[in-house]
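The values are calculated or read from the model by the stated rules, or taken from the named source; none is laboratory data. For clarity, every value in this text was computed on a predicted model and none was experimentally measured. No Cβ is skipped: glycine too gets one built from the backbone with ideal geometry, and neighbour counts run over all protein chains shown. We work out accessible area using only protein heavy atoms, side chains counted, and drop any ligands, DNA or RNA first. Shrake-Rupley method; radii C 1.70, N 1.55, O 1.52, S 1.80 Å.
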Amino acid sequence: MGPGFNDGRFFSVLGIFDDDVSIRPNWKAESSEEEKIKQIRLAYSWSKDMKDQFNNYNIYAEVYKKILGCNAVLDYINDVQGSEQIKNKVMAQALALRGYFYFHLVNLYGTPYSADKNALGVPLKLTSEMGTNGLPRNTVKEVYEQIIRDLLEAERLFKSLSASEQNLRDNRINLPCTQLLLSRIYLYMEEWEKSLIYAEEVINKYDYAILDLNTIPLPDSKTSPIYMNYYTWSNPEIIFLFGNQADVCELPLTRILCTEKDEAGKVSYRSYLPIVVSDSLIHAFDHNDLRKIHYLVWEEISNDNPTPVYRQATSKFDVQYQYKIEYRYERGVWGTAFKITEAYLNAAEAAAMLYKEINRSEYLVKAQAFVNSLRIKRFAPTTYKPISISDTKKLVSFIRDERRRELCFENHRWFDLRRYGMEKIKHIWYDTSGEPIEYILEKNDPGFTLQLPNEAFDHNSSLVQNETRK
């Protein structure tokens, strides 16, 4: 059940939904690029027409295919030979992955748990048996409860294995990743104490470490790779690798052929990335924050133009070219990761929320300590200043901003914006004449929840569609 070349398009729309991206102004595309532009614009504007016109919209089917594989493993595990230990290891992986897949589905197609846990989520299909009857949608609460059951049982089975088998880094999901997922799920459910317990378990029990960005050479246009790849097993932060680069990068790194004219009127052609990093994200980083240099990738730099203007709206993959900086994303190369840094951020937010609710100083101390443990590895020693925020509202806000900075372009931000309260988002699009067009996702807009794809209704007549954007 490990990831590989054919993971499906799990993340194909997440890369340009949130407020970490913007659109490049003053780009004039060739007419031959019309279909590419249309696809980008559909997702960038949260269009209600996505389910009808977006080419890779059916994430629903892709994830259910993975769930079917997990169900088949669980249904037939007792029909194969092998020791109890081997079977427990396989079942633990299937349950942990199924829990993650349902988490992904319910956060795409269901209302956020914190907003309305009794709203419709997604159907729970827990066997590989093929049926002809329709399967109705379970509530968000029911889906989350099943996710927790799967992850707790996976944890139990992993713990039945020898210690050497619990934390293998062999491209298979493991015990610490299962516990990290439990921390994440409980955070989304606002069960702060449980989230904190599991995050601390991951932080304290295993040998993962926060990578010190002071030890990473600064990006240099004369070296190759210019930027390091953070998604490899050599990174001490990595708990589990998943997906492929093509899936994650396809929309944010879609290149559009454009025409340019020089002062003499000579026409030249050049490809651009319409999607760039938003000013909002760039300004979220302190001037001395090393992540601004390492995570936000220059679009182009040379001896003649040492100051980048635009930055690419994805990061943490190696960048190979000299002078003209571009990504070469590939299938079969890891595209996302579960990392120890998330555990620190989950723990910090959960502790801050407990301090807000219970007002016990130990939680304030923990929240500050977890954030400082992360940030001290993100600044030069001469510029780092530990945070000391006691106001609960400001503390929670700072931690969530820190989560944005640290986990940018790792498929967290859209889901986080949903659970934070679905506040208004604004995207600006520029038409072919350079005129701005404003798209707004209002607070609690139905667009925060995707519509089910049309194909889903062809196979399940019991489904009910989500509300359509106006």
Amide H contacts under 5 Å for Ser278, placed H, 5+ residues apart
Val21, Ser22
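Given +1 on the Cβ of Lys and Arg, -1 on the Cβ of Asp and Glu, and no further charges, what dipole in debye does the chain carry about its Cα centre, rounded to the nearest 20? Please report the intermediate quantities before stating the final value.
Details: 59 positive and 65 negative charges, 105 e Å.
Roughly 500 debye, rounded to the nearest 20.
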Ranking Tyr186, Thr382, Tyr100 by how far each Cα lies towards the positive end of the charge dipole of the chain (+1 on Lys and Arg Cβ, -1 on Asp and Glu Cβ), the top one is Thr382
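What per residue convex hull volume, in Å³, do the alpha-carbon atoms of the chain yield?
Working: hull volume 72.4 nm³, N = 470.
Normalising the Cα hull of the chain by residue number yields 154 Å³.
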Gap in Å between the Cα centre of region 344-358 and the Cα centre of region 94-159?
25 Å
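Can you tell me the dipole magnitude for region 349-470 around its Cα centre, using point charges on the Cβ only (Lys, Arg +1; Asp, Glu -1), in Debye to the nearest 20? Spell out each step's value before the answer.
Numbers: 21 positive and 18 negative charges, 167 e Å.
Approximately 800 debye in magnitude.
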The chain: DSSP helices with Cα axial extent of at least 24 Å and average Kyte-Doolittle hydropathy no lower than -0.5:
59-76, 84-109, 140-159, 340-358
According to the square roots a ≥ b ≥ c of the eigenvalues of the Cα gyration tensor, what is the shape class of region 393-461, taking rounded for a/c under 1.5, prolate for a/b larger than b/c otherwise, and oblate for the remainder?
oblate
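Let me have the 222 nm mean residue ellipticity of the chain computed from DSSP H runs of 4+ only, each contributing -39500 (n - 2.57), with the sum over all residues rounded to the nearest 500. The partial results should precede the final answer.
Details: 16 runs with 187 residues, N = 470.
Computed ellipticity for the chain at 222 nm equals -12500 deg cm²/dmol.
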Given charges of +1 on the Cβ of Lys and Arg and -1 on the Cβ of Asp and Glu, with all other atoms neutral, how large is the dipole of region 1-122 about its Cα centre, in debye to the nearest 20?
100 debye
How would region 346-425 be classified by its alpha-carbon gyration tensor: rounded, prolate or oblate, with rounded meaning a/c under 1.5 and the a/b versus b/c comparison settling the rest?
oblate
For region 380-390, in residue order, the Karplus 3J(HN,Hα) values (coefficients 6.51, -1.76, 1.60; θ = phi - 60°; whole Hz; Gly and Pro = x) are 5, x, 6, 10, 7, 10, x, 7, 8, 10, 9
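Cross-link list Lys316/Lys393; Lys339/Lys393; Lys159/Lys194; Lys194/Lys366; Lys424/Lys470; Lys89/Lys205: which exceed 23 angstrom alpha carbon to alpha carbon?
Lys316/Lys393; Lys339/Lys393
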In the chain, with Lys and Arg counted as +1 and Asp and Glu as -1 at Cβ, which of these residues, Asn78, Ser433, Tyr57, has the Cα nearest the positive end of the dipole, that is, farthest along it?
Asn78
Calculated from backbone phi, Karplus (6.51, -1.76, 1.60) coupling profile of region 114-122 in Hz, x at Gly/Pro
5, 8, 6, 6, 9, 6, 5, x, 9
Under the rule of at least 5 residues apart or a separate chain, name every residue whose amide H is placed under 5 Å from the amide H of Cys258.
Glu30, Arg270, Ser271, Tyr272
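For the chain, what is the relative contact order in percent, using Cα pairs closer than 8 Å and at least 6 residues apart in sequence? Don't skip to the end; give the middle numbers.
Details: 850 pairs, mean separation 108.4, N = 470.
Contact order relative to length: 23 percent.
Could you compute Rg(Cα) / (2.2 N^0.38 Å) for region 49-137, with N its residue count?
Numbers: Rg = 15.7 Å, N = 89, 2.2 N^0.38 = 12.1 Å.
So region 49-137 has a normalised radius of gyration of 1.29.
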Could you give the length gained by full extension between Thr132 and Asp116, i.e. 0.36 nm per residue of separation minus their alpha carbon distance, to one decimal place?
2.7 nm
If you count only protein heavy atoms with a 1.4 Å probe, what accessible area per residue comes out for the chain, rounded to a whole Å²?
43 Å²
Where the centroid of each part is defined by its Cα atoms, how far is region 388-417 from region 221-268 in Å?
25 Å
List the extent of the Cα atoms of region 125-281 along each of their three principal axes, largest first, rounded to whole Å.
72, 51, 30
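Which length gain, in nm to one decimal place, applies between Ile428 and Ser361 when the Cα-Cα distance is subtracted from 0.36 nm times their residue separation?
Between Ile428 and Ser361, full extension yields an extra 19.8 nm.
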Leaving out ligands, DNA and RNA, and with a 1.4 Å probe, what % of the accessible surface on the chain is carbon or sulfur?
48 percent
